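For reference, the structure is listed below as structure tokens.
The values are calculated or read from the model by the stated rules, or taken from the named source; none is laboratory data. Keep in mind the model is a prediction, meaning the values are calculated, not measured. Cβ sites come from the backbone with ideal geometry, for glycine too, and all protein chains shown count toward neighbours. Protein only, heavy atoms only, side chains kept; ligands, DNA and RNA dropped before computing areas. Shrake-Rupley method; radii C 1.70, N 1.55, O 1.52, S 1.80 Å.
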Amino acid sequence: MMQIRGKSLTAVFAAALIGTAIQARFAIAQTANSNAGLQGGQDGMFDAILATPNYRTPVLPDSALATAPGLEQAVPTPQFTLNVLAPALYNSNAQFLSSGGSKTLEGSPLVRLGWASQLFDTPIRVSGAASLETERFVNAPGAAIDYIRTSARAQYVNPENDQDYSPFLSYVPRLDFDPTFANNFATRQDLNLGVDKVFNFDGDFNRVAFSGSSSAATVWSLGFSAGAQRRFRSPAPQSYALFGSPSASYVISEEWNVSVSMPITGRWFDTTDGINQRNLTIEPSAVVEYVIPSIWLGGADPARLLGNPAIDFFAMTERNWSNLSGASYVQWRAGIFLKTGWRF
């Protein structure tokens with residue numbers, strides 16, 4: 001009975017992903033919002049928070065950072081994961097403008113439901129997710145925006161070695177809305193092909209022996225993700241991109257950890273109205289995380305019910321260079337996140 005129910009849930013979740021993707025494909029953009037941009041967004045920020053070396057707070061094994069928990073490990077039984085992030089941030093440029101952007105306090109919560117499973121008896125892990133995201137600004141209400149983001153990912157994982165090369169294929173559609181999920185003014189669909197690779201070390205910086213789950217003995221982790229992307233966007237232009245994301249993490253203790261990353265993206269836009277735009281974007285970030293001890297929450301069971309919460313201290317800059325002077329920008333974000341997760 002449980003097996004049938006699990007298959008039914010999986011079918012419903014897959015149908016929801018497909019339905020959202022179809023909606024993204026045929027949505028018609030009607031307005032413009034400078035905060036959406038052709039490059040700017042929240043992807044790198046959320047990846048950094050969800051990729052910390054914290055195995056107590058469950059997260060989906062789907063990330064742009066190779067050092068994310070479980071990203072290169074098999075999932076022996078199907079699992080659902082629910083994550084909620086509640087941030088309070090300072091933002092130096094809410095509209096991604098080349099100059100004169102609003103300096104403001106920001107709240108950008110995320111709710112994400114994810115699913116992962118092995119594809120039958122193969123070394124291919126499949127996963128999917130659906131997210132609701134918002135951006136709200138104290139001093140820039142006109143820059144507010146809502147997102148619905150879904151994703152589907154297929155990734156090779158070596159069941160005997162989670163430090164092996166791990167190629168993946170992913171499809172990530174996103175719908176951009178005026179508040180509050182009112183008018184769908186832009187859509188984009190990203191098709192990504194890439195590879196992850198991680199190197200795990202113990203506290204003396206000796207390489208951890210290869211296994212299907214070497215994380216238990218890992219203190220230092222170095223990794224990179226690299227690949228290519230085709231983005232379909234409405235309104236135009238479409239674009240191609242090459243990306244690379246080096247990352248590193250350090251487990252200080254059971255409660256404390258540190259991680260850093262620097263996604264780099266080169267993007268070439270299709271020529272539209274005689275304009276041929278080219279961008280180079282870097283997004284260096286740092287996260288210091290404190291996992292709240294379960295004893296403070298009344299024990300292991302109450303901690304699980306509360307989502308095994310963690311507090312993340314976060315800083316990030318997004319810098320975009322472009323052959324179009326008005327498309328270049330710099331944005332700083334810094335603040336604190338409450339991070340929770342449930343697996344079932």
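So, in the stretch 251-295, of the ones that are over 26 Å from residue 330 (Cβ atoms), of a type in the set (Ser, Thr, Tyr) and buried (at least 16 other Cβ atoms within 10 Å of the Cβ), which residue ends up modelled with the lowest pLDDT? Once the filter is applied, the top-ranked residue is 294. When residue 209 is tested against the conditions (1) touching a strand residue (DSSP E or B) at 6+ places or on another chain (Cβ under 6 Å); (2) of a type outside the set (D, E, K, R); (3) more than 29 Å from residue 136 (Cα to Cα), the lone failure is (1). Do we find a residue being open to solvent by less than 50 Å² (accessible area, probe 1.4 Å), among the aliphatic types (A, V, I, L, M) and in a loop (DSSP other than H, G, I, E, B) anywhere in the stretch 81-103? Yes, the stretch 81-103 contains at least one residue that is open to solvent by less than 50 Å² (accessible area, probe 1.4 Å), among the aliphatic types (A, V, I, L, M) and in a loop (DSSP other than H, G, I, E, B). Consider residue 209 carefully, then state whether it is more than 23 Å from the chain's Cα centre (by Cα) and modelled with pLDDT under 90. For residue 209, the condition - more than 23 Å from the chain's Cα centre (by Cα) and modelled with pLDDT under 90 - is not met. With respect to the conditions (1) open to solvent by 40 Å² or more (accessible area, probe 1.4 Å); (2) under 19 Å from the mean Cα position of the chain (by Cα), residue 138 falls short on a single one, namely (2). Take the conditions (1) on the phi > 0 side of the Ramachandran plot; (2) touching a residue at least 60 places away in the same chain (Cβ under 8 Å); residue 120 misses just one of them, which is (2).
For the stretch 307-326, give me each residue that is of a type outside the set (S, T, N, Q) and in contact with a strand residue (DSSP E or B) (Cβ under 7 Å, 6 or more places away or on another chain). Give the derivation first.
Filtering the stretch 307-326 for residues of a type outside the set (S, T, N, Q) gives 307, 309-316, 318-319, 321, 324, 326.
Once the filter is applied, which keeps residues that are of a type outside the set (S, T, N, Q) and in contact with a strand residue (DSSP E or B) (Cβ under 7 Å, 6 or more places away or on another chain), the stretch 307-326 yields 307, 309, 310, 311, 312, 313, 314, 315, 316, 318, 319, 321.
If you go through the stretch 183-206 and keep only what is assigned to a strand (DSSP E or B) and either surrounded by fewer than 14 Cβ atoms within 10 Å (Cβ to Cβ) or of a type in the set (Asp, Glu) (or both), you end up with 190, 193, 196. Could you look through the stretch 255-309, keep only residues that are among the small types (Gly, Ala, Ser) and under 18 Å from residue 41 (Cα atoms), and pick out the one that is farthest from the chain's Cα centre (by Cα)? Per the stated criteria, the residue is 266.
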